[in-house]
Amino acid sequence: MTAMRQLVGEVLRARRVAQGLTLRDVSAKARVSLGYISEVERGQKEPSSELLAALAAALDVPLSKVLLDVSTLLAIEEATDLASVSTITPGEVSASAA
């Protein structure tokens, strides 16, 4: 499963790129360092709720929409994971006494 922070980063980057904004643009609007935003977008840092709110505002998108987009991606990923688990037959499962 993809870490939640990676999905948050993907959503933020997609919104930024769709608007034709650079990291520098968002950094100036959000008053957050360019490097930190880059790390958030790459899923290396987990943003606080305050940072998420600042980035959403800088992107002119409601925070609820950012979170909804993340939730949608997470639901798709979970459904995919569940589908792959449901194809495992009992004979394929083995226990180890490690």
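Work the Kirkwood hydrodynamic radius out for the stretch 4-81: mean of 1/r over every pair of different alpha-carbon atoms, inverted, in Å. List each step's numbers first, then the result.
Numbers: mean 1/r = 0.0809 Å⁻¹.
For the stretch 4-81, inverting the mean 1/r across all distinct Cα pairs yields 12.4 Å.
I'd like the trypsin sites (Lys or Arg not before Pro) in the stretch 1-74 restricted to DSSP loop residues with at most 14 other Cβ atoms within 10 Å, sorted by number.
Details: sites: Arg5, Arg13, Arg15, Arg16, Arg24, Lys29, Arg31, Arg42, Lys45, Lys65; in loops: Arg31, Arg42, Lys45.
Within the stretch 1-74, the qualifying trypsin sites (Lys or Arg not before Pro) (loop, at most 14 other Cβ atoms within 10 Å) are Arg31, Arg42.
What nm value, rounded to one decimal, do you get for the distance between Arg31 and Leu63 when each label is placed 7 Å out toward the C-beta?
1.5
Which residue, Ser48, Thr80, Gln19, has the largest displacement toward the positive end of the dipole of the stretch 4-81 when charges sit on each Cβ (Lys, Arg +1; Asp, Glu -1)?
Gln19
May I ask you to evaluate 6.51 cos²θ - 1.76 cosθ + 1.60, the Karplus curve with θ = phi - 60°, for each residue of the stretch 31-40 and list the ³J(HN,Hα) values in order in whole Hz, giving x for glycine and proline?
My calculation for the stretch 31-40 gives 6, 10, 4, 4, x, 5, 4, 4, 5, 5 Hz in order.
Every read-out reported here was derived from the displayed coordinates using simple, explicitly stated rules and does not represent laboratory data. Keep in mind it's a predicted model, so treat the numbers as computed, not measured. Note: ideal-geometry Cβ built from the backbone for every residue, glycine included; neighbour counts use all protein chains shown.
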